[in-house]
Amino acid sequence: MTTTLESPKKSTRGFASMDAEKQRAIARKGGESVPHEKRSFSQNPALAAEAGRKGGQSVNPNKRSFSQNHQLASEAGRKGGHASHSGARKTAVAGGEG
């Protein structure tokens, strides 16, 4: 039996199929569409913090697992930090295995 390495079929439609530069250009337009004076969170960190507090308070207290279990919150934060900083290492390891 002969096997060939074929790349997975890629869609030719949608945002994800565009090249990276075209995606960046479109994303930039979205950010530019809001006038600077209307970007209240970027100009007022206190307003952003208050909005975050309101969002957190709107969750049923019985479902706030992080506020009830600080160890769980700590572990989740640690996992998130490791995940966000491990991209370079994964690439280096994967590249060295060829």
Check: Applying the selection to the stretch 9-31, what residues are polar (S, T, N, Q) and not in a helix (DSSP H, G or I)?
Finding: Ser11, Thr12
Margin query: If I filter the stretch 62-98 down to residues being charged (D, E, K, R) and in a helix (DSSP H, G or I), which single residue comes out as modelled with the lowest pLDDT?
Written below: Lys90
Item checked: Pair list, Cβ under 8 Å, 6 or more apart: the stretch 13-38 residue free of Cβ contacts under 8 Å to residues at least 24 places away in the same chain, other residue surrounded by 10 or more Cβ atoms within 10 Å (Cβ to Cβ) and outside any helix (DSSP H, G or I) -> Ile26/Met18
Next item on the list: Determine which single condition Val59 fails, assuming it passes every other condition in (1) assigned to a helix (DSSP H, G or I); (2) at pLDDT 75 or above.
Entry: (1)
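The values are calculated or read from the model by the stated rules, or taken from the named source; none is laboratory data. Everything quoted here is computed from the prediction, not taken from an experiment. With ideal geometry, Cβ positions are generated from the backbone for all residues, glycine too; neighbour counts draw on all protein chains shown.
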